[in-house]
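The values are calculated or read from the model by the stated rules, or taken from the named source; none is laboratory data. Everything numeric in this text was worked out from a predicted model, so none of it was measured. Methodologically, a virtual Cβ is constructed for each residue, glycine included, from the backbone with ideal geometry; neighbour enumeration extends over all protein chains shown.
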Amino acid sequence: MHESFSPLPLLRQVPYFRNQADEVLEALASVAIRLQFPPEAIIFTQDEPAGGLFVVEKGQVKITRISREGREHILHLIYPGDTFNDVAVLDGGPAPATAIARGDVVVWCIRRTDLQRLCERYPTLAWSLIESIAARARHLVRLAEDLATRNVRGRLAHLLLEEAKRFETDEVPRMLTQEEMAARLGTVREMVGRALRSLAGDGIIEFDRHRIVILDPERLQEEAEG
């Protein structure tokens, strides 16, 4: 028997789609295409066409930018219920970054032409997409502020707090390698290792290969704000 899939329950989880009427979500679900990617597969490449809005159903997607010198900078980690490629789908330009599957990944893609047509039919949907772009802009402003004003220890503290908030626990699974954490924080692997050991030595966190436990959230917050 052929197994059928519907993205409707997933679309209801997307933060800026939650307040949309069922008619709008059903229209989106009717044009969405389900795609599967193996670990490390490139979903799309920066500066090349990527003509759709993607919603993650399963796995994680790394959004990364590669400099001319070949250095990687991780901009986002996208989890189930999150979207990516919002900017390119709205302005019709090339993808501003590369999307890579971390583990087995399932996404739904809504093509730009379909999204344009639905936005014309349902103006509230267009406003939802504007909200998504605003959220991305705020994230990038915070990222730029971290790079400009905080040392590696402070940037790491901020990252750990963000992950704790996402997972709603002070025991955060280690989703990133130290090398990937360095790419996220704009530094090198050795500096991340040093910052982890420093925070652990001060009794603020403890960590092993599988998790990072926040022992003193208030002091970690002070580190992130300092």
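Note on region 89-100: residues that are touching a Lys or Arg at 6+ places or on another chain (Cβ under 8 Å) and hydrophobic (A, V, I, L, M, F, W, C) amount to 4. Within region 110-151, the set of residues being of a type in the set (S, T, N, Q) and either more than 30 Å from Thr187 (Cβ to Cβ) or out of contact with any helix residue (DSSP H, G or I) (no Cβ under 6 Å at 6 or more places or on another chain) (or both) comprises Thr113, Gln116, Thr124, Ser128, Thr149, Asn151. For region 142-158, residues that are within 15 Å of the chain's Cα centre (by Cα) and without any contact (Cβ under 8 Å) to a residue 24 or more places away in the chain total 1. The numbered conditions (1) touching a residue at least 60 places away in the same chain (Cβ under 8 Å); (2) not assigned by the TED database to the domain that holds Pro217 are all true for Leu161 except (2). The combined condition, being among the basic types (Lys, Arg), touching a Leu at 6+ places or on another chain (Cβ under 8 Å) and assigned to a helix (DSSP H, G or I), is fulfilled by Arg153. Candidates in region 74-124 are the residues that are free of Cβ contacts under 8 Å to residues at least 60 places away in the same chain and of a type in the set (Asp, Glu); of these, the one that is nearest to Phe54 (Cα to Cα) is Asp86. Listed here are the strands (runs of 3 or more DSSP E) enclosed by region 169-226 that have at least 1 residues being more than 15 Å from His158 (Cβ to Cβ), modelled with pLDDT under 90 and among the charged types (D, E, K, R): 171-173.
Of everything in region 98-133 that is within 22 Å of Thr64 (Cβ to Cβ) and of a type in the set (Gly, Ala, Ser), the residue that is surrounded by the fewest Cβ atoms within 10 Å (Cβ to Cβ) is Gly103. Of the residues making up region 80-134, those that are touching a strand residue (DSSP E or B) at 6+ places or on another chain (Cβ under 7 Å) and of a type in the set (S, T, N, Q) are Thr83, Asn85, Thr98, Ser132.
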